[in-house]
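Let me begin by presenting the structure, written as structure tokens, before commenting on it.
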Amino acid sequence: MMVKIVDTQLGHIDDILELEKMCFSMPWTREQLVSQLPDDMHIFLAAEDEHGRAIGYIGLMYVLDEGYISNIAVSPEHRRQGIADMLLNDLMTRAQEKKLSFLTLEVRQSNMPAQNLYKKHGYIEVGLRRNYYSQPTENAVLMTLFLSEE
């Protein structure tokens, strides 16, 4: 299957809404997703299949030189095919082009596959946010990828 990473467009939002519902207990709304479309504060990437459908995505908000990953998801039937790796790699490249010093995210403490994915990409555990998630209530592990020495 051919997959390419592109800037998310309005036409991807319906697919991403479905991914949100499949992947998260508290999915984002259409308005929240639209507010993340690429601009001077957001990088929002979609993994497109050969039909132009979004089968994965990653979002980042950045302020000055700090990057905060909002969500990353891949449709369940397309997992374990390297799509999340492609999204993370493309995001890191774009973050470096913008001279961001780090990328950070929260992940459920029980989500070891995601934590292992982030570790594979150089993210390290830097903290714990107690009871960060609801439905169900769970701690979040704070993970950061440092892109510069400063």
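Being exposed (fewer than 13 other Cβ atoms within 10 Å of the Cβ), free of Cβ contacts under 8 Å to residues at least 40 places away in the same chain and of a type in the set (Gly, Ala, Ser) is the filter here; which residues of the range 122-144 pass it?
If the condition is that a residue be exposed (fewer than 13 other Cβ atoms within 10 Å of the Cβ), free of Cβ contacts under 8 Å to residues at least 40 places away in the same chain and of a type in the set (Gly, Ala, Ser), then GLY127 is the only one that fits.
If LYS99 passes every condition in (1) in contact with a His (Cβ under 9 Å, 6 or more places away or on another chain); (2) open to solvent by 40 Å² or more (accessible area, probe 1.4 Å) but one, which one does it miss?
So the condition that LYS99 fails would be (1).
In this structure, does LEU88 turn out to be within 27 Å of ARG129 (Cα to Cα) and over 15 Å from the mean Cα position of the chain (by Cα)?
No.
Run LEU105 past the list (1) outside any strand (DSSP E or B); (2) within 15 Å of ILE72 (Cβ to Cβ); (3) touching a residue at least 24 places away in the same chain (Cβ under 8 Å) and report the number of the one that doesn't hold.
(1)
What pairs come up if the first residue lies in the range 18-40 and is of a type in the set (S, T, N, Q), the second is at pLDDT below 95 and open to solvent by 90 Å² or more (accessible area, probe 1.4 Å), and their beta carbons are under 6 Å apart, counting only those six or more places apart or on different chains?
Going by the 6 Å Cβ cut-off, the qualifying pairs are SER25/GLN135.
Can ASP15 be described as at pLDDT 95 or above, in a helix (DSSP H, G or I), open to solvent by less than 60 Å² (accessible area, probe 1.4 Å) and more than 20 Å from ILE124 (Cβ to Cβ)?
yes
Search the range 68-88 for residues that are under 18 Å from THR8 (Cβ atoms) and pair each with any residue that is in a helix (DSSP H, G or I) when their beta-carbon atoms are under 6 Å apart and the residues are at least 6 apart or on different chains.
As it stands, the answer is ALA73/LEU19; ALA73/CYS23; VAL74/ILE83; VAL74/ALA84; SER75/LEU19; ALA84/LEU117, since those pairs meet every condition given.
Against the conditions (1) under 23 Å from ASP7 (Cα atoms); (2) in contact with a helix residue (DSSP H, G or I) (Cβ under 8 Å, 6 or more places away or on another chain); (3) among the hydrophobic types (A, V, I, L, M, F, W, C); (4) open to solvent by less than 20 Å² (accessible area, probe 1.4 Å), where does LEU147 fall short? Just the number, please.
Exception for LEU147: condition (4).
For residues in the range 1-12 being part of a strand (DSSP E or B) and closer than 27 Å to LEU64 by Cβ, which is most open to solvent (accessible area, probe 1.4 Å)?
Per the stated criteria, the residue is ASP7.
Restricting the range 18-49 to residues that are closer than 21 Å to ASN89 by Cα and loosely packed, with under 15 Cβ neighbours inside 10 Å, which is modelled with the highest pLDDT?
Ranking the candidates gives MET41 first.
If you go through the range 111-121 one residue at a time, do you hit one that is surrounded by fewer than 17 Cβ atoms within 10 Å (Cβ to Cβ) and in a loop (DSSP other than H, G, I, E, B)?
Yes.
The values are calculated or read from the model by the stated rules, or taken from the named source; none is laboratory data. Small disclaimer: the values here were computed from a predicted structure and weren't measured. So basically every Cβ, Gly included, is an ideal-geometry build from the backbone, and we count neighbours across all protein chains shown. Heads up: the accessible areas ignore ligands, DNA and RNA and are worked out on the full protein's heavy atoms, side chains in. Shrake-Rupley method; radii C 1.70, N 1.55, O 1.52, S 1.80 Å.
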